Amino acid sequence: MPSSTFSGTVSSPKLSVAIDMGNPFLNLTVDAFLKIGAVGVTKSLAEDTFKAIDKGSLSKSSMEDALKNMCKEGVYWGSAAGIYVGTEYGIERIRGTRDWKNAMVAGAVTGAVISAASNKGKDKVLVDAITGGALATASKFLNDHYFY
């Protein structure tokens, strides 16, 4: 009986933008801000598109609100990524090693800084620092395949 096979690969398009700030710390921080900021913008765009479709109408004010939301989310997500990556890089340079402990401290610092900037109170800053440290550590373990 005749048979056929199909072979191939599927890959997503890749876009690389290099911005040289003259310093590895700044390069990593700005790169993280731009890449993850774009994720925040996309998230906001998807949410606002869904709202417009659900509502069934589109107005100038809703477009302006969507643009404001996109900018706000992009800056928020980008700032969080920039703080995290910059902190982790700094800790790595100070300790001279790359491991999960850098991620834990950087996550805790990022959670605390973002929470403090949001004026959520001392207790919330501590909770957000613990959460940031835990998420960053878990991400590092999963990314480095410690559980395989």
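The values are calculated or read from the model by the stated rules, or taken from the named source; none is laboratory data. All values derive from a computational prediction rather than experimental measurement. Backbone-built Cβ (ideal geometry, glycine too); neighbour counts: all protein chains shown.
Key figures
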{"read-out": "Filtered residue count, the stretch 21-61, keeping only those that are outside any helix (DSSP H, G or I) and exposed (fewer than 11 other Cβ atoms within 10 Å of the Cβ)", "value": "5"}
{"read-out": "Qualifying residue in the stretch 16-26 (condition: in contact with a Leu (Cβ under 6 Å, 6 or more places away or on another chain) and more than 28 Å from His145 (Cβ to Cβ))", "value": "no"}
{"read-out": "Qualifying residue in the stretch 33-40 (condition: touching a Phe, Trp or Tyr at 6+ places or on another chain (Cβ under 7 Å) and not aliphatic (A, V, I, L, M))", "value": "yes"}
{"read-out": "Qualifying residue in the stretch 93-102 (condition: modelled with pLDDT of 90 or more, over 24 Å from Asn23 (Cβ atoms), out of contact with any His (no Cβ under 6 Å at 6 or more places or on another chain) and β-branched (Val, Ile, Thr))", "value": "no"}
